[in-house]
Amino acid sequence: MSDRRGGGKRWGGGRTAKRSAGPTTARDAAAVALGELAERMPDVGAIELPSDGLTPRDAALAADVYRLGAARWLTCEAVAGPFLKGGLGRLDPAMRGVLVAGVSQLLFRPDLAAYAVVDEAVESAKRVVHPRAAGMANAVMRRVAERVAGHDESEAWSGEAATLPWGSGGVVRLSETVGVKGEGDAGSAGWVAAATGVPARLLEAWREAYGWDEAVRLGVHAAGAAPVIVQPDGQVWRADEHPGGLRAYLAEHPEQRVQDPTAAAVLDTVSQRWGSWGFGPPPEAVWDACAGRGTKARQMRAVFEGTEVWAYDPTAGHRRDLGAIDGVRVGRPPAGRAGLVLFDVPCSNTGVLARRPEARHRYSAAHVRELVELQRAIVEEHLPVVGDRAVVVYATCSIEPAENRAQADWLATRTGRRIVEDRLTTPGGGEERYHDGGYFAVLGPAG
């Protein structure tokens, strides 16, 4: 994880960082992954945690610590930065990973003893960075621990200067405001960015689209964790009720799939309202043109029972996954064969930040413009296969206007179709009623 380029960053004490060959504990695994995130920022995709040799329990802890660190990176930077000359950003990526892993636990895991978190961070610094990095880790972690005054699950965050949003609706109390820019004013994008971990540039975009109160609500929601939801019943999956783990549970129940209600609503709505929209009998064939690993292809098979299901993805590994789904044909159907075509396109993921925490760091207006171009290019590539009478569904897990209704309007003009329904959902809800954000539009033949 060390930055070995010229002028490389420092872990402290004037020495470039060195790390061991691989993680040996859950916290090491999280620190290594967070160090990789630091090295890649802002162009960050999903990062796979190194988990070889970890027990399922430790792997789950590593995943939670990583998620916390990725989601609350800006918060950790603001809280720990004043205890580091030049701030957190001057350090080697590996050292940043260790500190963010530790600070995020001190702030947001009150179930873990603070002294144990500090000690683990010190040992992790020795293993992941360099033995002499332990002194810096100890000093910073102890200073942060001294300023965590308590946690309150019953009080919603209101933007006070010495509090941070926590969990599904509580607050973390600090003994003083530490390294957070602004005056604790909920109207300040810099303050809300530091408190929630959502970059100010994204908060400002939400302010323009939805107003400031909603932008703050979205930021607080993105600071939390998303539950695992299993369809078709929409039940929250609880690890303590299934000791064998999620993968084993799904293997035993192949008719079920992990899918958020907002994502599931796309094809559920289309199948339920097909007749009322005047589209005639159900389609003989359907096609998921951007299928990924096949969640919506599985859903197509379930909601359009007896219909021929096709699925395609440009990634070879994803196509292998698609090939393992019973009843799904991998590839592009013959031209005009599919009566329903789904374009679930790559997007900014701003509707699913609690589920994909890295995406907040990628966001920029320029990146959204690049995605808009990519989304149109994907549609253009596949249009020769889309028949004139096919129903087209366009979907994203974004809440950015440029990726949603504006694209649906373009698609209607480009294909001579009409938008029969579109729906934007912003993320929200508590655990039992949780839902991500996203958008879909259904386009039918013009006449």
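The values are calculated or read from the model by the stated rules, or taken from the named source; none is laboratory data. Since we're looking at a predicted model, the values are computed, not measured. Cβ coordinates were reconstructed from backbone atoms using ideal geometry, including for glycine residues, and neighbour counts include every protein chain displayed. To get the accessible areas, we keep the full protein, side chains included, count just its heavy atoms, and leave off ligands, DNA and RNA. Shrake-Rupley method; radii C 1.70, N 1.55, O 1.52, S 1.80 Å.
Over region 111-255, accessible surface divided per residue gives 49 Å², non-protein components excluded, 1.4 Å probe. For region 260-326, the square roots a ≥ b ≥ c of the C-alpha gyration tensor eigenvalues yield an a/c of 1.5 or more together with a/b exceeding b/c, which makes the shape prolate. Taking Leu353, Leu84, Leu267 as the candidate residues, the one with maximal mean-square fluctuation in a Gaussian network model of the chain, Cα springs under 10 Å, is Leu84.
Under a point-charge model restricted to the Cβ atoms of Lys and Arg (+1) and Asp and Glu (-1), what is the dipole moment magnitude of the chain relative to its Cα centre, in debye to the nearest 20?
Details: 53 positive and 56 negative charges, 317 e Å.
With Lys and Arg at +1 and Asp and Glu at -1, about 1520 debye.
Remark: region 169-307 carries a charge dipole of roughly 260 debye about the Cα centre, counting +1 on each Lys and Arg Cβ and -1 on each Asp and Glu Cβ.
Per-residue Karplus couplings for region 73-81, computed as 6.51 cos²θ - 1.76 cosθ + 1.60 with θ equal to phi - 60°, are listed in order as 3, 5, 5, 4, 4, 5, 6, 8, x Hz, Gly and Pro entered as x.
Stretched out fully, how many nm does the piece from Leu246 to Arg405 gain, at 0.36 nm a residue minus the Cα gap? Each step should come with its number before you reach the end.
Values: separation 159, 0.36 × 159 = 57.24 nm, distance 3.55 nm.
So the chain would gain 53.7 nm between Leu246 and Arg405.
Taking Thr396, Thr269, Thr350 as the candidate residues, the one with maximal mean-square fluctuation in a Gaussian network model of the chain, Cα springs under 10 Å, is Thr269.
Per the Debye calculation on region 388-447 with a single equal scatterer at every Cα and no solvent contribution, log₁₀ I(q)/I(0) for q = 0.14 Å⁻¹ amounts to -0.42.
Measuring with a 1.4 angstrom probe and ignoring ligands and nucleic acids, Lys126 comes out at about 80 Å² accessible.
For region 365-415, the fraction of alpha-carbon pairs lying more than 12 Å apart is 67 percent, rounded to a whole number. Stokes-Einstein diffusion for region 326-387, with the hydrodynamic radius set to the Kirkwood value over Cα pairs and evaluated at 10 °C in a medium of 1.306 mPa s, equals 114 µm²/s.
Is it possible to state the helix-based mean residue ellipticity at 222 nm for the chain, with each DSSP H run of 4+ residues giving -39500 (n - 2.57), the sum divided by total residues, to the nearest 500 deg cm²/dmol? What is it? Helix contribution divided over all residues of the chain: -12000 deg cm²/dmol. For region 264-274, backbone phi angles converted through the Karplus equation (6.51, -1.76, 1.60; θ = phi - 60°) give residue-by-residue couplings of 5, 5, 4, 6, 4, 5, 4, 5, 6, 10, 3 Hz, Gly and Pro being listed as x. Per-residue 3J(HN,Hα) values for region 294-301, derived from phi via the Karplus relation 6.51 cos²θ - 1.76 cosθ + 1.60 with θ = phi - 60°, read x, 4, 6, 5, 4, 5, 4, 4 Hz in sequence order (x marks Gly and Pro).
Taking Cα centre as origin and charging only the Cβ of basic (Lys, Arg, +1) and acidic (Asp, Glu, -1) residues, the dipole magnitude of region 367-410 rounds to 140 debye.
Between region 199-270 and region 363-389, the alpha-carbon centres lie 25 Å apart. Remark on region 304-362: Rg and Dmax equal 14.9, 42 Å (Cα only). Which one, Ala62, Thr75, Pro93, projects farthest toward the positive side of the charge dipole computed for region 52-97 from Cβ point charges (K/R +1, D/E -1)? About the Cα centre, the residue reaching furthest to the positive side is Thr75. For the chain, a Gaussian network of Cα nodes joined below 10 Å ranks Glu255, Glu176, Glu241 by mean-square fluctuation, and the top entry is Glu241.
Report for the chain the percent antiparallel among DSSP-assigned beta bridges with both residues inside it, nearest 5. Before the final figure, lay out the partial values.
Working: 26 of 42 bridges.
Within the chain, antiparallel bridges account for around 60 percent of the total.
In the full protein context, region 308-375 carries 42 Å² of accessible surface per residue, based on a 1.4 Å probe and ignoring ligands, DNA and RNA. Rolling a 1.4 angstrom probe over region 14-107 with all protein chains present gives an accessible area of which 51% lies on carbon and sulfur atoms.
Once R0 is set to 25 Å, what does the formula 1/(1 + (r/R0)^6) return for the Cβ-Cβ distance between Ala209 and Gln272, expressed as a FRET efficiency to the nearest 0.05?
Numbers: r = 29 Å, r/R0 = 1.16.
Efficiency at R0 = 25 Å is approximately 0.30.
For region 205-303, a Kirkwood radius taken over Cα pairs fed into Stokes-Einstein (25 °C, viscosity 0.890 mPa s) yields D = 150 µm²/s. Please report the base-10 log of the normalised intensity I(q)/I(0) for region 307-438, using a Debye sum with one equal scatterer per alpha carbon and no solvent, at each q in 0.11, 0.14, 0.15, 0.18 (1/Å). At q = 0.11, 0.14, 0.15, 0.18 Å⁻¹ the computed log10 ratios are -0.46, -0.75, -0.86, -1.16. Database remark: amide H of Val391 closer than 5 angstrom to the amide H of Leu340, Val341 (H placed geometrically; neighbours at sequence offset of 5 or more, or on other chains; Pro and chain starts carry no H). Label region 122-249 by shape, choosing from rounded, prolate and oblate, from the square roots a ≥ b ≥ c of the eigenvalues of the Cα gyration tensor; if a/c is under 1.5 it is rounded, and otherwise prolate applies when a/b is larger than b/c, oblate when it is not. Note, shape of region 122-249 comes out oblate.
From the largest down, the chain spans 70, 47, 46 angstrom on the principal axes of its Cα atoms. Of the accessible area of region 199-316, computed with a 1.4 Å probe over protein heavy atoms only, carbon and sulfur atoms account for 50 percent.
Does region 31-168 come out rounded, prolate or oblate, given a ≥ b ≥ c as the square roots of the eigenvalues of its C-alpha gyration tensor, rounded meaning a/c under 1.5 and, failing that, prolate meaning a/b above b/c? Intermediate results must be reported in sequence, preceding the final value.
Values: a/c = 1.38, a/b = 1.22, b/c = 1.13.
In terms of gyration-tensor shape, rounded.
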